[in-house]
Structure formats: structure tokens, C-alpha cells
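Remarks on the structure that follows.
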């Protein structure tokens, strides 16, 4: 993780992860601990769950704190890195919690930037490919400004992240904070909530239970899916560098939603049919990252093929269902 930068991963001894009990946050906590970094995990459990980090609770370097970063953030002791990953991240969640989503992108970002300023810490913001909206440029490079509808239903998430990027940039330029922005593309893997509304857990749950897989529109819209291990590795590469970003972290392996559904049916051995439902409002038609910047600045590229990542994810969901069935039976 040491590049041309003067800063190295060895200097990160203690990190704060907001949203650390969420899907992506819990994997970040796990990997930081594996790299001998102490972790303070902050979460209000709005969409995250203590179950995601229960296996870390006995680790001497791990601390879980129930905290709503839109109210306040206080962490005693030294902090070298602040990773702001708190936010509802699936359409189902942020459409149910629009104000909370906007608050964590605005007040939550403000408060966590204040923490980084007080501690002299490096700050990394989890932004999203959704800042590109329904893109008119394909694939999407970091210098593309996006095509977002601020008053559409997805605007609460898209504009929260766009505002947070602007706030992070302002703190960097006017307050001298060492900041980085990562734009994350369609991450998937173990610990996703089965009911979070995103395509991969929805399709897997439907296939495993023999229900029809519900594909929006005609299924021609595309996404680029990146396995969580690769995403976390890219985020930590950016965290260990001095680069401000934004940097796209995602897999350029673009596939249609119909192909994804068919693939999951194959992997699960399901006999589920595919049904088509109405396309959500402002649903992006295409999504694929231009990862040139990540490759050149961070020497990062995804290494887990989609076939392997999906197989691991299907296996995890299947095992989780079996465990739940045994416990309830």
C-alpha cells in the first residue's frame, strides 16, 4: 500500500469508521483490524446491524459505539483516519428515509470533518457512482459532472453525496484537511441485507425461495458490479495515499440486469422464472466506471471475477437462510 506518496499505511494506527456496522463498513472494519489498525466503529443501526460486527467484538483493537453522526461525534484519544461511510445506500432505504439520508450527507459529513480537523486525521468520504445520475457520458470518468434530477425520488441520495463531496472539497481547500473522495460502484458480497432492495440480494433471495426474479423495465439497463473485497482494497489504497480524488472504485465488468438475473438463476440452480416490472423513476440506463485514475494513482484494479464473486455471495446467502431456518425450526 505504499506508492509514490510520503504517507504509508503503517502511519494509520487508529481509525474511525462511521456506518461501520453496515454491509461495506463492516468489511472495512475487518480489513483494518487485519492490518493492525485499531478501529472505532460508529453506527446508529438505522440500516446497519451489530450482527455484522459481532465476530469482531472480542478483538482487542475493536470498539463499537452507538452514535448518530448527524447529532454529534466525539471520539476520545488519537485518530489517524476517519472513514465516513454512514448513509442509507439502497433505493428502498433512502426512499423510506429521505430526510435522514440528506442529514447524514450534510450534517454527518460536517461533524466527521470536524473530527478529522480536531485530530489532524486523514479523511475519506464514501461517495457513489450515483453522483453521475443517469449518465450522458459512458463509461463515467471522474471529471464528468453527472446528470442528476435534484427533485426526483433519487435526488435525496444523489444530492446528499454531491453536497458531501463539495463540503469535503471546501474543507480541504479552506481548512487544510487531508481529504480523499471515493466514488463507489455497485458493491456486493456477504452481509448485504436480503431485504435492502438492491438487485443482487433481491435476485438471490427470489431464486433461493423459488419466487420469480423481478427485473425492472426490459432488463437492458446495465450496472458494473464489484466484489466487496476489491472495493475495500481500493478504499484502503486511497486512504493510505495523499490523493484527494475523487477516484472511481468499481469493476468495469458491465452487464445487463437481465443477464445478472439469468446468471443468478444458473448459480442457484433455481427453476424461478423471470418477470418484468415497471422501471423506477430516474433509474440510470447505464453504469460503468472509468478506472484509469485508480489504476494510475493507486495501482488498483479489481481482481475477483464476477462469476467468482457472485458464487461466493450466493453461497453466503444460502448458508444464512439455512441457519435462520434451523434457528426458527
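The values are calculated or read from the model by the stated rules, or taken from the named source; none is laboratory data. Predicted model, so just to flag it, every value in this text is computed and none were measured. Methodologically, a virtual Cβ is constructed for each residue, glycine included, from the backbone with ideal geometry; neighbour enumeration extends over all protein chains shown.
See the values below:
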| read-out | value |
| --- | --- |
| In region 10-45, the residues that are surrounded by fewer than 24 Cβ atoms within 10 Å (Cβ to Cβ) and either within 19 Å of residue 241 (Cα to Cα) or at pLDDT below 95 (or both) | 10, 11, 12, 13, 14, 31, 33, 34, 35, 36, 37, 38 |
| Cross-chain or 6+ apart pairs with Cβ under 7 Å, region 318-329 first and surrounded by 11 or more Cβ atoms within 10 Å (Cβ to Cβ), then part of a helix (DSSP H, G or I) | 318/208; 321/208 |
| Within region 255-264, considering residues that are part of a helix (DSSP H, G or I) and touching a strand residue (DSSP E or B) at 6+ places or on another chain (Cβ under 6 Å), the one surrounded by the fewest Cβ atoms within 10 Å (Cβ to Cβ) | 258 |
| Flag if residue 51 is closer than 25 Å to residue 188 by Cα, modelled with pLDDT of 95 or more, buried (at least 19 other Cβ atoms within 10 Å of the Cβ) and out of contact with any strand residue (DSSP E or B) (no Cβ under 9 Å at 6 or more places or on another chain) | no |
| Hits in region 24-50 - residues which are part of a strand (DSSP E or B) and either closer than 27 Å to residue 324 by Cβ or free of Cβ contacts under 8 Å to residues at least 24 places away in the same chain (or both) | 41, 43 |
| Condition check for residue 287: under 23 Å from the mean Cα position of the chain (by Cα), in contact (Cβ under 8 Å) with a residue 40 or more places away in the chain and part of a strand (DSSP E or B) | no |
| Residues (over 20 Å from residue 87 (Cβ atoms) and touching a strand residue (DSSP E or B) at 6+ places or on another chain (Cβ under 9 Å)) located in region 143-169 | 147 |
| Residue match in region 51-59 (condition: under 17 Å from the mean Cα position of the chain (by Cα) and in contact (Cβ under 8 Å) with a residue 12 or more places away in the chain) | yes |
| Residues of region 107-127 that turn out to be in contact with a helix residue (DSSP H, G or I) (Cβ under 7 Å, 6 or more places away or on another chain) and crowded, with 23+ Cβ neighbours inside 10 Å, as a count | 7 |
| Conditions (1) within 13 Å of the chain's Cα centre (by Cα); (2) within 22 Å of residue 96 (Cβ to Cβ); (3) surrounded by fewer than 23 Cβ atoms within 10 Å (Cβ to Cβ): number failed by residue 194 | (1) |
| Where residue 267 falls short, out of the listed (1) buried (at least 20 other Cβ atoms within 10 Å of the Cβ); (2) in a helix (DSSP H, G or I); (3) touching a helix residue (DSSP H, G or I) at 6+ places or on another chain (Cβ under 6 Å) | (1) |
